[in-house]
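Peer 1: Encoded as structure tokens, here's the structure I'll be asking about.
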Amino acid sequence: MKVRYDSKLIPQKGEKPSFAFVFLHAENGEDLDLRTLAERWRPHFPDTLFALPVFGISADAGGPGLATVGGIEEDTGVKEAIDAYIAEVRHDWGLPNERIALISRGELTPLTAIYGLEAAERFGAIIGFGGPAFLVGENEAHVKSRPPMLLVHGQLDPSCDPAAFLRMLLSLEGQQVPVSSCFRPGVGQEIENYGADAAMFFLKGALSNSAPLPQVEKSETTRAAAPVKLIIWDLDETLWSGTLDEGGDTLILNEARAQTIRQLNGHGVVSAICSKNDFELAKRKLEKLGLWDEFVFPRISFEPKGPAIKALIDQMQLRPQNCLFIDDNDINLAEAKSVVPKLQVLNAKTGECDQRLAGIVAANSHISKSRVAEYRNLEKRVDEAKEFKGDREQFLHSCNIEVAFANSSDLVDFASRIEELVNRSNQLNYLKTRVSPGSIVDFVAEPSLREGFAVFAWDRFGYHGLVGFIGVDVKTEKILHMAFSCRIMHMGIENALLARAAQRFDNLLVPSEFGLDTKLPPWIKAHAFDHSIRQKIVAEEGNLNRAGAQPEIRFMANCQSGIFSHYSGLRDVAEIDSVPRIFAMSMMLNGQFKQQHFPRLVVHYLGTDLYNIYWPPGTSALIEKGLYLHCCEQFCQFLKDQGSELLVVGGQGDADVDHEHIIRGVTRERISLFNTIWQILADRNDHVKFLDVTPFVGSDRMADCVHFRADASRDIADRIRDWYIATLNSQARQQVA
């Protein structure tokens, strides 16, 4: 048996995949539903290959012969076809089984599950949507690996009634297969939104602890192309064949280069124009070709190209070495190079040109953000500044510049942008530091050791995004990272972010060579990262796929909420606390908790409540004399009344408590008391669970007596994810019963 049809969706990042999801199709199956599912998941897994082969298996393949493990051997053609396809994925993309997930629906669910259980090398996950039941109790010898498995089943699925579904789950559990279920009352064989999302979040959790792939060194072409942030294009005989003044209708567009411009715009590399032509004529031609909006800072006139390019680069606030000028005329290239010596140049007529462009696309394929709108806003600001009648400060006042500062847990959502900012910034990277992919989450995961601050900016010209980051060593108050986007040069935003960091650190060490003070410029309006501001920024960013208005779980751990949610793989269904958006148990006293949202699953770390500052003045002596217990009891009753379940993460009972924490109310006795209270409440209430961290998080894995180190946070997050999956399973079983 061979694959009749094969379709692959490459990772949205455009780079080599970190994972592969293989959707097993039957020739007569509803493969369009699985393709829709793949498209739905794809933005949530930007580093994943989605493979959709059709094996030409008839519906009868899901019959009695496949109802038990080992039955697949009765049709070696099916097994060999799947084996060959998976082997091809492993070979072509360098992925082991643990980074491959198998997804199927309907009659192919038994085949997929059995194939995965019989594999000697464990797969990353198996998802089955509906389909006939299968049993493993009588064929345990065939269970060679036990991948995480999720079975999504509709109550009205005619191929398997609820009783058979429950027997199937019990048979899998009997063989220690880590199986989870999502039982959907009133649903048939269709893949509906809840089941699709449940499977997506299950995959995130199941694959979150995969072993890292070996790093492949970038090629010489990739390394050479990496610094390019701007390409400046000539038009005649470069973007098209022919010259505009000799008859625009006879021009032939270079489609490959036009497509390169569009691709690069999606990967953060913008394109400008420097051409000796009539402006209006060129604009009309580019509009007709659908390309005008792909360019920023067009410089189309009959002035010399060297000075024009220098002015363009200055106005875009870029370094010449990060800019590439493409022209078909060697004289123009030489002139530009003489005026801007560090400018990169490329002759459009050489074979090297398109090869180099392909290298630039490859070097930036991991970036999935367009900067066209941001540079267009900068262009408007530059143009208005030229016409403004007044001094520089007056003009900045007229820009209505606003900023918002995020720190701690909130930075996890923007970690990839921070890494990109630090690694791509040169002109305004004050310490010239670089970071490795994924390191920023670990950097901010230990807030008592390192603090991070990010600044978002917007003005009357538009939204500029995350444009600056400062990282500080908490103990020494020394700046470890300080980088800004060149688009915000001369706006005072560097000073504004330094002012925010200086609020947190009284003795912030700002090197004198930075030439910056720590005062908020009077023309900038600053905002805290409250709920409304955060929602505005998330809406502007657009590519943050988060829980939105209906989260399934809330992490209430203040500066560690985002860390727990990220490491658990549940961020996309989670609402997170982070200053100033937090929950404290004292809110049960004044009713403030009623103003907050509590979904059906809640994770609460008791660390916030250890500090006296979170309690009303004059009550610190009462906290251990019944006040904390009273608030906890009230909170448990409130959650029970609204049908929510609670997991409480305890404090580390053996941690050393320094003098600074003692004077703020944190003592080992208080930690022990809070742990005891929650253990008692968990014993009394079925909807409350207590996670005692002391047995598996030693005092050496604490950054201080309240904050966990990154590796400890990962272990806690693993247990949170286990509780989340077990709770969903329990709820599904209740629905089945």
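Peer 1: What is the spread of the Cα atoms of the chain along each of their three principal axes, largest first, in whole Å?
Peer 2: 81, 77, 40
Peer 1: When each pair of different Cα atoms in region 408-516 is counted once in the 1/r mean, what is the Kirkwood radius in angstroms, to one decimal?
Peer 2: On the way: mean 1/r = 0.0715 Å⁻¹.
The Cα-based Kirkwood calculation yields 14.0 Å.
Peer 1: Which lysines does K337 reach when only Cα atoms under 22 Å apart count, and residues fewer than 8 places away in its own chain are ignored?
Peer 2: Result set, ordered by chain and number: K229, K276, K305, K310, K349.
Peer 1: Near the amide H of R184, under 5 Å away, which other amide H atoms are found, from residues 5 or more places off or on another chain, if H is placed in the peptide plane?
Peer 2: H153, G154, Q155
Peer 1: Would you pull out the residues with amide H under 5 Å of E645's amide H, same chain only if 5 or more places away, H placed 1.01 Å from N?
Peer 2: Close amide H contacts, sequence-distant or interchain: L601, V602.
Peer 1: Give me the net charge for the shell around V666: Cβ to Cβ below 13 angstrom, other residues only, Lys and Arg +1, Asp and Glu -1.
Peer 2: Net local charge, V666 excluded: -4.
Peer 1: Shifting gears a bit: Positive end of the dipole of the chain, charges at C-beta (+1 Lys, Arg; -1 Asp, Glu), about the Cα centre: which of P320, V187, F50 has its Cα farthest in that direction?
Peer 2: P320
Peer 1: Relative to the Cα centre, what is the charge dipole magnitude of the chain, using +1 at the beta carbon of each Lys and Arg, -1 at the beta carbon of each Asp and Glu, and rounding to the nearest 20 debye?
Peer 2: Values: 78 positive and 98 negative charges, 311 e Å.
Computed about the Cα centre, the dipole is about 1500 debye.
Peer 1: While we're looking at this one, here's another question. Write down Rg/Rh for region 298-384, rounded to two decimals, with Rg from the C-alpha atoms and Rh from the Kirkwood relation over Cα pairs.
Peer 2: Ratio of gyration radius to Kirkwood radius for region 298-384: 0.98.
Peer 1: While we're on this one: Looking at the P(r) of region 85-218, how many percent of alpha-carbon pairs lie beyond 17 Å?
Peer 2: 59
Peer 1: If you don't mind, another one. Among all the lysines, which ones have a C-alpha under 21 Å from K640's C-alpha, if same-chain residues fewer than 8 places away are not counted?
Peer 2: Filter leaves K594, K689.
Peer 1: What are the ³J(HN,Hα) couplings of region 310-317, residue after residue, when phi is run through the Karplus curve with 6.51, -1.76, 1.60 and θ = phi - 60°? Round to Hz, x for glycine and proline.
Peer 2: With coefficients 6.51, -1.76 and 1.60, one gets 4, 5, 4, 5, 4, 5, 7, 6 Hz.
Peer 1: Using only the alpha carbons of region 545-736, determine the length spanned along each of the three principal axes and report them from longest to shortest in whole angstroms.
Peer 2: 51, 36, 32
Peer 1: Hey, what do the phi angles of region 125-130 turn into as Karplus ³J(HN,Hα) couplings, whole Hz, using 6.51/-1.76/1.60 and θ = phi - 60°, x for Gly and Pro?
Peer 2: 5, 10, 10, x, 9, x
Peer 1: Something else about it: At 222 nm, what helix-only mean residue ellipticity would the chain give, in deg cm²/dmol to the nearest 500, using -39500 (n - 2.57) for each DSSP H run of four or more? Working shown, then result.
Peer 2: Details: 23 runs with 265 residues, N = 737.
Computed mean residue ellipticity for the chain: -11000 deg cm²/dmol.
Peer 1: Counting alpha carbon pairs within less than 8 Å and at least 6 residues apart, what relative contact order, in whole percent, applies to the chain?
Peer 2: RCO, the chain: 8 percent.
Peer 1: Mean projection of the alpha-carbon convex hull of region 105-154 over all orientations, in nm²?
Peer 2: 3.2
Peer 1: Based on a Kirkwood Rh over C-alpha pairs, give the Stokes-Einstein translational diffusion coefficient of region 220-374 at 4 °C and viscosity 1.567 mPa s in µm²/s.
Peer 2: So the translational diffusion coefficient is about 84 µm²/s.
Peer 1: Using θ = phi - 60° and the Karplus curve 6.51 cos²θ - 1.76 cosθ + 1.60, what whole-Hz ³J(HN,Hα) does each residue of region 336-347 get, with Gly and Pro shown as x?
Peer 2: 4, 5, 6, 7, 10, x, 8, 5, 7, 10, 8, 7
The numbers here are math on the coordinates, done by the rules we state, and not lab data. Nothing here was measured: the structure is a model prediction, and the numbers come from that model. Positions of Cβ are generated from backbone atoms using ideal geometry, with glycine treated the same way; all protein chains shown enter the neighbour counts.
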